[in-house]
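Heads up: the structure comes next, in C-alpha cells.
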Amino acid sequence: MTCSLVNSSAPIDMLLYCPCSSGGIFAYAKAQAQALASHDLRILVVTAGTNLGFGELGIPLSSIQDESIQFRGPRIFRWIRRAVLITHNIWKLKKYVKSTNAKRVLLASYIEYASPLWVPIFVSMKAQGISFGAILHDPVRDYVVGPMWFHRLSIKRAFSYLDLVFVHEKDEEVLANLPVEVPICEIPHGPFRLPYSSSGDRIELRSQLGIPKGAKLFLSFGQIRDGKNLDLVISSMSSFEDVWLVVCGQPAGGQQKPLSHYKTLALEMGVHNRCLWIEGYLPDEEVGNYFAAADFVLLTYSKRFRSASGVLNLAVQFRKPCLASSGSGPLQTQVNRYKLGVWINPDSLAEVLRGIELCLQGAQLALWDEYEADNSWDKNAALVIEHMSLLASTSAST
C-alpha cells in the first residue's frame, strides 16, 4: 500500500474528509481510505484528532473536532452546538485544502444540517478550482431538523456545491430525491473485516455468554435506535422458547427510546432471561466474537431505512445469515439477490414472527463468495478514482 505523507514534495491527489471517529460512516471511510491508497493514490484523511484508526493505515492524521459526540441539553441548544461544530470543521478543512494544494475532496458523507451557514465556505473553495464529491449513504433525506422550510433549504444548499455524489444503488426513488443537475455514480459497499482473537471456538464463546446448547442466537449490533424495530423482535420472542437475543451497541440518545425501554419490554414479555445487553462501543476483536457466536444477524430496519447496511457487511466475514427488512434500497436488493437471509416486510410484528420461523427452519444457501466478488472495496475505490479524476480534468480544462 502506498502511504501519503504530508511533508513529501509530491502533491496530494485527494482529501478524504471524515469528521467522526466512530460509527458506520467512520468504518466505511477507514476501509475506503485503505482501498484508495492501495491504488497508489496519494490521499490525506482529514479526520478527528482523537482517533488513531487512519494512522494505522499509514495515512496522515489531521486534527479536527469529533462530530461523533452526542450533545446534551435542550434541543435548540443541541442544534446550535452541532451547527457551530460543523462550520468550524469545514473552516479547518479549507485550511488543509490550501496547505496541500489538493484539487479533489471526497466527503465521507453528505450533510445538510445548517448548510446555509457553511456552504459559502465550499463555494469559495470551488472558485479556486476544487472539485467535491460526497458519499450519499442515505439518499432520501427525511430526517427533519428544525422547521420544514429550513430543512428543504438546507438540502438544496448542501447539494449546490457538489460536483458528484456516490450512492450504493441508483433506483427510481433515489433519482427522484436528488437534484437532476448533480451527476450520480453507483459504487459497491465492501465487506468489513474484523479481527477474531478469541482463544475458544464457537461453542466456548456461546458457553461464556450462557447460551444453552440448541438455542438460536440473534445478534443486534450497532447504534440502538427506534428504526431497528427491536421492540418487535423482543415481543416475538415469547413465541419461540429457544430464541435468544444479544444486543450490542450504543443508545442513540435524544428522542430515541432508551435502552431501559427494551429491558422493561423484555421483562414484561417474560423473555428477559434470554436477552443479553452489551452497552457501549466494543473493541473490534470483541465485536468479532459476538458475530462468531451468533446464528443470525438482525437487520429489521423500518421502511424509512433505504441505505446499504454496514452491519450486513460485517456479517459477510462470518457467513451469518440475516433477518432483514427496510424500505426499497440496496439492503433489500442485496439480501434477495445473494440469498443472504430471510427478507420480511418492515414494521410488522406478524412479519417478524414469520421471519424468525423461516430462520429456524433453515435458510437457503447464501451466495457469500459471489457477494464479496461483486461488492469489493477495490471496485469501490476504482470507481471513485475514475469519476473524481474526470472532475479534476474537467475543472482544469475550464
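The values are calculated or read from the model by the stated rules, or taken from the named source; none is laboratory data. These numbers come from a predicted model, not from an experiment. Using ideal geometry, Cβ is built from the backbone for each residue, glycine included, and neighbour counts are taken over all protein chains shown.
Of all residues in the range 113-136, which are in a loop (DSSP other than H, G, I, E, B) and either modelled with pLDDT of 90 or more or of a type in the set (Lys, Arg) (or both)?
Taking the range 113-136 as the starting set, the residues that turn out to be in a loop (DSSP other than H, G, I, E, B) are 113-114, 127-130, 136.
Of everything in the range 113-136, those that are in a loop (DSSP other than H, G, I, E, B) and either modelled with pLDDT of 90 or more or of a type in the set (Lys, Arg) (or both) turn out to be ALA127, GLN128, GLY129, ILE130, LEU136.
Taking PHE192, is it aromatic (Phe, Trp, Tyr), outside any helix (DSSP H, G or I) and modelled with pLDDT of 95 or more?
Numbers: aromatic (Phe, Trp, Tyr): yes; outside any helix (DSSP H, G or I): yes; modelled with pLDDT of 95 or more: no.
No.
Sort through LEU353, LEU383, LEU349 and tell me the only one that's modelled with pLDDT of 95 or more, surrounded by fewer than 20 Cβ atoms within 10 Å (Cβ to Cβ) and within 28 Å of ILE184 (Cα to Cα). Steps first, answer last, please.
Details: LEU353 fails: within 28 Å of ILE184 (Cα to Cα); LEU349 fails: within 28 Å of ILE184 (Cα to Cα).
Among LEU353, LEU383, LEU349, only LEU383 is modelled with pLDDT of 95 or more, surrounded by fewer than 20 Cβ atoms within 10 Å (Cβ to Cβ) and within 28 Å of ILE184 (Cα to Cα).
Checking the structure you have, find out if any residue of the range 311-321 is under 20 Å from GLU172 (Cβ atoms) and under 17 Å from the mean Cα position of the chain (by Cα). Write out each step before concluding.
So the first thing to find is which residues in the range 311-321 are under 20 Å from GLU172 (Cβ atoms), and the list is none.
No, the range 311-321 contains no residue that is under 20 Å from GLU172 (Cβ atoms) and under 17 Å from the mean Cα position of the chain (by Cα).
Under 6 Å by Cβ, and 6 or more places apart or on different chains, what pairs join a residue from the range 133-146 that is more than 21 Å from LYS103 (Cβ to Cβ) with one that is modelled with pLDDT of 90 or more?
Within 6 Å, the pairs are LEU136/TYR110; LEU136/VAL165; LEU136/VAL167; HIS137/SER109; PRO139/VAL167.
Name the pairs whose Cβ atoms lie under 7 Å apart, with the first residue in the range 93-104 and of a type outside the set (D, E, K, R), the second assigned to a helix (DSSP H, G or I), and 6 or more positions between them or separate chains?
Close Cβ pairs (under 7 Å, with a partner that is assigned to a helix (DSSP H, G or I)) amount to VAL97/MET125.
Give the residues of the range 214-264 that are at pLDDT 90 or above, surrounded by fewer than 18 Cβ atoms within 10 Å (Cβ to Cβ) and either in contact with a Gly (Cβ under 8 Å, 6 or more places away or on another chain) or outside the structural domain of PHE296 (by TED's automatic domain parsing) (or both), sorted by residue number.
Within the range 214-264, SER238, ASP242 meet the criteria.
Given the range 219-326, what strands (runs of 3 or more DSSP E) lie entirely inside it while holding 1 or more residues that are farther than 27 Å from GLU204 by Cα and of a type in the set (Asp, Glu)?
Answer list for the range 219-326: none.
Report yes if ALA366 is assigned to a strand (DSSP E or B) and touching a residue at least 12 places away in the same chain (Cβ under 8 Å), otherwise no. Talk me through it step by step, then tell me what you get.
Numbers: assigned to a strand (DSSP E or B): no; touching a residue at least 12 places away in the same chain (Cβ under 8 Å): yes.
Spelling it out, it is not the case that ALA366 is assigned to a strand (DSSP E or B) and touching a residue at least 12 places away in the same chain (Cβ under 8 Å).
State whether the residues of the range 342-355 include one that is under 19 Å from SER376 (Cα atoms) and charged (D, E, K, R).
The answer is no, given that none of the residues of the range 342-355 is under 19 Å from SER376 (Cα atoms) and charged (D, E, K, R).
Restricting attention to the range 88-95, does a residue exist that is within 30 Å of LYS379 (Cβ to Cβ), more than 25 Å from the chain's Cα centre (by Cα) and either surrounded by fewer than 18 Cβ atoms within 10 Å (Cβ to Cβ) or at pLDDT below 90 (or both)?
Within the range 88-95, not a single residue is within 30 Å of LYS379 (Cβ to Cβ), more than 25 Å from the chain's Cα centre (by Cα) and either surrounded by fewer than 18 Cβ atoms within 10 Å (Cβ to Cβ) or at pLDDT below 90 (or both).
Among the residues of the range 276-294, which ones are under 23 Å from PRO258 (Cα atoms), touching a residue at least 40 places away in the same chain (Cβ under 8 Å) and within 17 Å of the chain's Cα centre (by Cα)?
Answer for the range 276-294, where residues must be under 23 Å from PRO258 (Cα atoms), touching a residue at least 40 places away in the same chain (Cβ under 8 Å) and within 17 Å of the chain's Cα centre (by Cα): TYR281, VAL287.
Let me spell it out: the conditions are (1) crowded, with 16+ Cβ neighbours inside 10 Å; (2) of a type in the set (D, E, K, R); (3) on the phi > 0 side of the Ramachandran plot, and ARG319 meets all of them except one. Which number is the exception?
Tallying (1) crowded, with 16+ Cβ neighbours inside 10 Å; (2) of a type in the set (D, E, K, R); (3) on the phi > 0 side of the Ramachandran plot, ARG319 fails exactly one: (1).
Can you work out which of the residues in the range 168-189 that are modelled with pLDDT of 80 or more and crowded, with 18+ Cβ neighbours inside 10 Å is nearest to LEU245 (Cα to Cα)?
Looking at residues that are modelled with pLDDT of 80 or more and crowded, with 18+ Cβ neighbours inside 10 Å, I get HIS189.
Take the residues in the range 297-316 that are out of contact with any helix residue (DSSP H, G or I) (no Cβ under 6 Å at 6 or more places or on another chain) and small (Gly, Ala, Ser), then tell me which one is surrounded by the fewest Cβ atoms within 10 Å (Cβ to Cβ).
Going through the qualifying residues, I end up with SER307.
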